[in-house]
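Below is one structure; the comments refer to it alone.
The values are calculated or read from the model by the stated rules, or taken from the named source; none is laboratory data. What you are looking at is a predicted structure, and each value in this text was computed from that prediction instead of being measured. Cβ: placed from backbone, ideal geometry, glycine included. Neighbour counts: every protein chain shown. To get the accessible areas, we keep the full protein, side chains included, count just its heavy atoms, and leave off ligands, DNA and RNA. Shrake-Rupley method; radii C 1.70, N 1.55, O 1.52, S 1.80 Å.
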Amino acid sequence: MAVKQQGRRALRVWRLPKQGLTEPILALGCAFLLGVLSGCFAAYRMDGAGRAALEAYLTGYTGVLQAQTGGSGWGGLLWRAVRLPAAAALLGLCPLGFPALPLVVGARGFLFSFVVSACGSCAGAEGVLAALLLFGLAQAVSTAALLFIAIPGWGNARNLALARSSRRAGFPVRGYLVWCGLCLAGALAGTALCHLLSQATAAFTAGLLV
């Protein structure tokens, strides 16, 4: 019996709390939605020179993908996939995360929607499909990891900003770190798969942008 109780206590240390997530989900969800709407508006306001520059960049990027070998360009790609989620993981452990995490989430929503919306304004539905194949799927994986990390992290950062310690608030720091590690590993694996898909469909995507 005592062994079972000790085992349950050990599991509680590694388990993230399920209560108190409503406010973080609402706050970060609103920040992400605001970023998405801002990105769509910015893409709509883009002038002709901006559209021409974007088309040239997309055409060049698809050419780079077709020319790449299987192992080239992975370092920068994987770093871009985890840098924001990793920053969110650190912000969730300090009071600065209380105001900073909504800004990080909103910025990711802006970048994601701006790229897709701008490609749509340049090439219509084909541009949206090209953006999803080139960037969108990998960005979606990284964004999911960011949100999964930021939601519990923002709750802890809020407690710290209000002068309540993580231990007193019942926040399992070790469980949070394990959760962040799993999310980062998922972001790396998902981004790698999406990049392989982008390379395999580079010729098809280039045809969409013609």
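General remarks:
- Taking (1) modelled with pLDDT under 90; (2) open to solvent by 50 Å² or more (accessible area, probe 1.4 Å); (3) farther than 17 Å from PHE135 by Cα; (4) out of contact with any Gly (no Cβ under 6 Å at 6 or more places or on another chain) in turn, TRP14 satisfies each apart from (4).
- Failed item, numbered, when PRO152 is tested on (1) in a helix (DSSP H, G or I); (2) over 12 Å from the mean Cα position of the chain (by Cα); (3) at pLDDT below 80: (3)
- Hey, LEU147 of a type in the set (A, V, I, L, M, F, W, C) and over 16 Å from ALA31 (Cα atoms) or not: no
- Identity of the residue in the range 133-145, touching a helix residue (DSSP H, G or I) at 6+ places or on another chain (Cβ under 7 Å) and of a type outside the set (S, T, N, Q), that ends up most open to solvent (accessible area, probe 1.4 Å): LEU137
- Residue match in the range 60-68 (condition: β-branched (Val, Ile, Thr), at pLDDT below 65 and either in contact with a Lys or Arg (Cβ under 9 Å, 6 or more places away or on another chain) or under 29 Å from ALA157 (Cβ atoms) (or both)): no
- Applying the condition of being over 23 Å from ALA144 (Cα atoms) and open to solvent by less than 60 Å² (accessible area, probe 1.4 Å) to the range 161-200 and asking which residue is modelled with the highest pLDDT yields ALA161.
- Residue that is nearest to ALA157 (Cα to Cα) [pool: residues in the range 79-102 that are open to solvent by 70 Å² or more (accessible area, probe 1.4 Å) and within 13 Å of the chain's Cα centre (by Cα)]: ARG83
- Tally of residues being open to solvent by less than 10 Å² (accessible area, probe 1.4 Å) and either touching a Phe, Trp or Tyr at 6+ places or on another chain (Cβ under 6 Å) or under 15 Å from LEU111 (Cβ atoms) (or both) across the range 146-158: 3
- Residues of the range 138-159 satisfying the condition of being among the aliphatic types (A, V, I, L, M) and under 20 Å from SER38 (Cα atoms): ALA140, ALA144, LEU146, LEU147
- Taken as a whole, the condition of being in contact with a Cys (Cβ under 9 Å, 6 or more places away or on another chain), over 23 Å from GLY29 (Cα atoms) and in a helix (DSSP H, G or I) applies to LEU129.
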